[in-house]
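Colleague: Quick one: structure below, then a few questions.
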Amino acid sequence: MIFKSVASLLVLSSGICLGQSSVAVDLPGGPTSVPKTPVSFDLSAIDKTADPCTDFYAYACGNWKKNNPIPSDQTRWGRFNELAERNNYLLYADLKAAADAPTTPLQKKYGDYFAACMNIDLADKLGAKPIESPLNTIAAWNDKKTIATLLGVMEHKYGQNYFFGFSSTQDQKDSTQQIGEVDQEGLGLPDRDYYLNTDERSKALRAQYVEHVTKMFTLLGDTPEQAADEARSVMTLETALAQGSMSRVDRRTPANVYHIRTIAELQTMTPGFDWKVFLAANNQGGLKSLNVTSPEFFKTMNQQIDTTDIKALKSYLRWHTVHRFAPNLSNAFVQENFNFYAATLAGQKELAPRWKRCTAATDRALGEAVGQDWVAKNFPPAAKDNMEKLVHALEAALDEDIKHLDWMSDETKAEAKKKLDAFRDKIGYPEKWRDYSSVMVKRDDAVGNVQRIALFDDRRELDKIGRPVDEKDWVMTPPTVNAYYNPAQNDINFPAGILQPPFYDFKIDPAVNFGGIGVVIGHEMTHGFDDRGSQFDPQGNVRMWWTAEDKKKFKERTDCEVKEYGDFEVAPGQKLNGKLTLGENTADNGGLHIAYAALMSTLAKEGMDPAAKSDGYTAAQRYFIGFGQVWCENTREEAARLRARTDPHSSGMWRVNGSVQNFDEFGKAFGCKVGQPMMPSNACRVW
């Protein structure tokens, strides 16, 4: 991952009279200016005082970084953010129009969702009242033996999970089928290590977290003394859950998160939790077995339910209820939520304007409803056709790369070829749009809308259990500026949102497009052959398709990347986690190699001279600058530290410098000498 027939759907939401509540409304706090369209190749961004052979990122992005400070409502600001802001603005215009005067039932639905979110006055008037029902359900609970009943009700009625997540997943051993799965969850801090690390910074953050939870309890009406006591109980319970949780690095190995257990076996593992009752409450009473991703976590959960008094358990449940809905409550809740999760943890200076937050929220909730109209305006068929040609060019380049690998045997190459040939390409938007006709959206019930969408998504996922996998399903919305590879489906996915400048511009030369979206395509393809993706076969089953010797050679090369990236510093004293970022680093390096080969092949076929200059740069130089400028960014120190702990992606600087220093064609393009920082003698190379 780089960071998911229309007519039939448009008539399904009916029962709604479009003439009702369709007059223009005064939605407060709209955009004050139109975001600029990003530029694919920005000469003004280049800092020619920097030496590209010493620090290519500084050369490609130096002036951009100087001229683009981080906005107060952002934790980082980069080219991804520029495009996301532009897409968000265009999406806002659609939502505002739909809120004022919808012309279809679908527009009525997402327009009302947006309008409800934007109703600040009503949110402030209601305070915590919108979550009284789930809070009252928790308050009335008085017997630990019935906790499964309680959690079943909370998920079935409000779409709210506690302690763990219950969903569907593809079976690692039979990728054609969906099975049930329970997974570790239930922490309020971003990662288990925030509870376990003993450095002073982590201790300070834990203290600030307890203060935040205390303040949220006081906003619910508790006395300061009660709130402080409850917050301490939450911290104690969550720390225990963190101790039983599997690390992010360990979760990268598919076998580590695959443990099929019968319901009887799971019940024996967790005697204090009645799984039959919980499953029945979620219409899965007939389930015979499921995947338990982390057995140790569930043993820990059972122990905590057994030993923690019911008062503390209720505090934990209350906290996660208010935490879940805080962004949709009154300003006091919104601001306190921002103070800790954005300001303290990530360094954000100012809360984003409400129009931005509600636009993003509506896209998350009804993305394939909003996305239909957005795509019609912003992603023409010609763009989809051109993208398909680019993808095919990259697939051909990867095919050639595999053929000429000097460290891989012919036997494994044949299997790799099968996997490449089995890739499914999903471009722009789904073939079949999601049907939201069963979702009730009310213009005066923002929190209720969130709950009903959560229920819709929850039911949709659970209903997949026991059914064949839908290979046409997407997990990103069309306007999203991102892309992903799904190893269980062996497909590469490129939402329409990323298929625009600075990543792709049909008006610019091939070198820049291959350096932008071409590397993105190659990146996602390489995920099929990174440390995790390489464990899945062409059909998406976890199976060893390598020879033992080739797998050993592969690990030697990825170990080189682990060590290399683990030495890169993103903040004073904070280095990247080379193991956590391994898959993305492998994909960055592979994508850069593959897209370059595809570019050179394309130039040769079109009779274009690679040495010919444009704006003073050869095609190879424009390729690398186009690639580097995609990752121009400024990041707050707090956000950089947070990402280093939780994000499998390296920071922009190291995505660029780490990749080019491992590719000798870069050194040749810029006349670097072996031994210079961007052309080391001991470069890492996998694909």
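Colleague: Just how many pairs of Lys in region 516-584 have C-alpha atoms closer than 21 Å, counting pairs that are eight or more places apart or on different chains?
Modeller: 10
Colleague: In which sequence would His323, His212, His392, His523 go, from the one with the fewest C-beta neighbours within 10 Å to the one with the most?
Modeller: His392, His323, His212, His523
Colleague: In addition: Ordered by residue, what ³J(HN,Hα) values in Hz, to whole numbers, does region 219-230 give under the Karplus form 6.51 cos²θ - 1.76 cosθ + 1.60, where θ = phi - 60° and Gly and Pro are x?
Modeller: Result, rounded to whole Hz: 5, 7, x, 6, 5, x, 5, 4, 4, 5, 5, 5.
Colleague: For Val660, what charge total do you get from the other residues with a beta carbon under 15 Å from its beta carbon, if Lys and Arg give +1 and Asp and Glu give -1?
Modeller: Residues close to Val660 contribute a combined charge of -2.
Colleague: To the nearest 20 debye, what charge dipole does region 362-448 have about its Cα centre, counting +1 at the Cβ of each Lys and Arg and -1 at the Cβ of each Asp and Glu?
Modeller: Dipole size: approximately 380 debye.
Colleague: Just to confirm the filter: which trypsin sites (Lys or Arg not before Pro) across region 344-410 are DSSP coil and have at most 16 other Cβ within 10 angstrom of their Cβ?
Modeller: Filter output for region 344-410: Lys349.
Colleague: Where nothing but the Cβ of Lys and Arg (+1) and of Asp and Glu (-1) is charged, how large is the charge dipole of the chain around its Cα centre, in debye to the nearest 20?
Modeller: Using Cβ point charges on Lys, Arg, Asp and Glu, the chain gives about 640 debye.
Colleague: For Gly159, what is the net charge nearby, where nearby means another residue's Cβ is under 15 Å from its Cβ and Lys, Arg count +1, Asp, Glu -1?
Modeller: Once positives and negatives cancel, what remains is -1.
Colleague: With +1 on each Lys and Arg Cβ and -1 on each Asp and Glu Cβ, how big is the dipole of region 130-328 about its Cα centre, in debye rounded to the nearest 20?
Modeller: 180 debye
Colleague: Using helices alone, I'd like the mean residue ellipticity at 222 nm for the chain: each DSSP H run of four-plus residues gives -39500 (n - 2.57), total over residue count, nearest 500.
Modeller: The helix-only estimate for the chain comes to -16000 deg cm²/dmol at 222 nm.
Colleague: Three principal axis extents, largest first, for the C-alpha atoms of the chain, in Å?
Modeller: 75, 60, 51
Colleague: While we're looking at this one, here's another question. So what's Rg/Rh here for region 130-328, counting alpha carbon atoms and using the Kirkwood radius for Rh?
Modeller: Value, to two decimals: 0.97.
Colleague: Take Lys472, project a point 7 Å from its Cα along the Cβ direction, then tell me which residues of region 407-442 have their backbone nitrogen under 16 Å from it.
Modeller: Within reach of a label on Lys472: 424-436.
Colleague: OK, next. Under a plain spin-label model, where a point goes 7 Å from the Cα along Cα-to-Cβ, how far apart in nm are Ser681 and Lys203?
Modeller: For the pair Ser681/Lys203, the computed spacing is 4.5 nm.
Colleague: Sort Val475, Val153 so that the residue with the fewest other Cβ atoms within 10 Å of its own Cβ comes first and the one with the most comes last.
Modeller: Lowest to highest Cβ neighbour count: Val475, Val153.
Colleague: Let me ask something else about it. Could you calculate the contour length gain from Ser44 to Lys403, that is, 0.36 nm times the residue separation minus the distance between their Cα atoms, to one decimal place in nm?
Modeller: Gain on extension, Ser44 to Lys403, equals 125.2 nm.
Colleague: What is the set of long-range amide H partners of Gly578 at a cut-off below 5 Å, with H atoms built 1.01 Å from backbone N?
Modeller: Answer set, sorted by chain and number: Gly566.
Colleague: Looking only at region 647-668, which residues have a backbone nitrogen under 18 Å from a spot 7 Å from the Cα of Ser247 in the C-beta direction?
Modeller: Once the point is set 7 Å along Cα→Cβ of Ser247, 647-650 turn out to lie under 18 Å by backbone N, inside region 647-668.
Colleague: Let me ask something else about it. Using +1 at the C-beta of Lys and Arg and -1 at the C-beta of Asp and Glu, which of His593, Trp355, Leu317 has the Cα lying farthest in the positive direction of the dipole of the chain?
Modeller: The Cα lying farthest towards the positive end belongs to Leu317.
Colleague: Quick one: net charge around Asn142, please, counting Lys, Arg +1 and Asp, Glu -1 for every other residue with C-beta under 11 Å from its C-beta.
Modeller: After counting each charged neighbour, the total is +3.
Colleague: Given Cα pairs under 8 Å that are at least 6 residues apart, what percent is the relative contact order of region 130-328?
Modeller: 30 percent
Colleague: Hey, how many Å between the Cα centroid of region 551-609 and the Cα centroid of region 269-343?
Modeller: Taking the Cα centre of each part, region 551-609 and region 269-343 sit 38 Å apart.
Colleague: Which residue, Ser202, Thr75, Gln284, has the largest displacement toward the positive end of the dipole of the chain when charges sit on each Cβ (Lys, Arg +1; Asp, Glu -1)?
Modeller: Of the listed residues, the answer is Gln284.
Colleague: With θ taken as phi - 60° and the coefficients 6.51, -1.76 and 1.60, list the Karplus ³J(HN,Hα) couplings across region 169-186 in order, rounded to whole Hz; mark glycine and proline as x.
Modeller: Result, ordered by residue: 7, 6, 6, 4, 9, 8, 5, 7, 10, 9, 10, x, 8, 10, 9, 5, 8, x Hz.
Colleague: Moving to a separate point now. Using the beta-carbon distance between Leu196 and Asp410 and R0 = 41 Å, what value does 1/(1 + (r/R0)^6) give for FRET efficiency, to the nearest 0.05?
Modeller: It comes out at approximately 0.35.
Colleague: Which distance in nm do the two modelled labels at Ala382 and Ser438 give, with both placed 7 Å along the Cα-to-Cβ direction?
Modeller: The answer from the label model is 4.1 nm.
Rule-based calculations on the coordinates, nothing more; no lab input. Small disclaimer: the values here were computed from a predicted structure and weren't measured. No Cβ is skipped: glycine too gets one built from the backbone with ideal geometry, and neighbour counts run over all protein chains shown.
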